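Take a look at the structure below.
What follows is calculated from the coordinates using simple rules that are stated; it is not laboratory data. Everything numeric in this text was worked out from a predicted model, so none of it was measured. With ideal geometry, Cβ positions are generated from the backbone for all residues, glycine too; neighbour counts draw on all protein chains shown.
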Amino acid sequence: MRGKGSFEAGFKRGAIRGAAFGAIAAGVQIVLLGPAVRAPYSEDIEMANRAYGIGSYGPVYRRAWGPLGIVTRVFWRPGAAFGRNIIIKATGEARDVFEHETAHYYQQLLLSPTTWTARIITEQFIPSAYTTPGYLEWGAEMFRIY
Ligand SMILES: [Zn+2]
């Protein structure tokens, strides 16, 4: 059976809507977060992705455009992680920034995004968080350096 009410027609409509929604979601993310950029090659990131079993659902690196990009620029950070979206402020930012922010992505997977977000916000008020063991910022620095 074919036609408007058939399973095939319904499936086709669903597929078209799904594709349209995906395109809209990608558009919203570009507007909010900026266009995607390719990360410079990092053996550390490649090895960690393999160890954590991260395939196609890896982090997406984006230029610091859009509202969240502006927040990143205002705080004058080289980068920031928002879920799997990693904002990189400068266009030709060094590999270190990609590595530091990618470490935050792994931390979110290990801790849960809510726990990670609560802790990372608190740490932004602790200047020694980057140099004191136990802090998430310290962990990201360790990943970046070693
Ligand atoms: Zn950090």
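Taking each residue of segment 61-83 that is away from the ligand (no atom under 13 Å from the Cβ) and looking for partners that are in a helix (DSSP H, G or I) and among the aromatic types (Phe, Trp, Tyr) with beta-carbon atoms closer than 8 Å, six or more apart or interchain, yields 61/98. Looking for something among the small types (Gly, Ala, Ser) and in a helix (DSSP H, G or I) - is there at least one such residue anywhere in segment 107-119? Among the residues of segment 107-119, at least one is among the small types (Gly, Ala, Ser) and in a helix (DSSP H, G or I), which makes the answer yes. Checked against the criterion of being free of Cβ contacts under 8 Å to residues at least 24 places away in the same chain, acidic (Asp, Glu) and closer than 15 Å to residue 37 by Cβ, segment 90-111 has at least one qualifying residue. Scanning segment 88-146 for residues that are among the acidic types (Asp, Glu) and over 23 Å from residue 54 (Cβ atoms) returns a single hit, 123. Within segment 27-51, the set of residues being of a type in the set (Gly, Ala, Ser) and free of Cβ contacts under 8 Å to residues at least 24 places away in the same chain comprises 27, 51. Within segment 120-141, the residues that satisfy the criterion of being more than 11 Å from the ligand (Cβ to nearest atom) and either part of a loop (DSSP other than H, G, I, E, B) or surrounded by 11 or more Cβ atoms within 10 Å (Cβ to Cβ) (or both) are 122, 125, 126, 131, 132, 133, 134.
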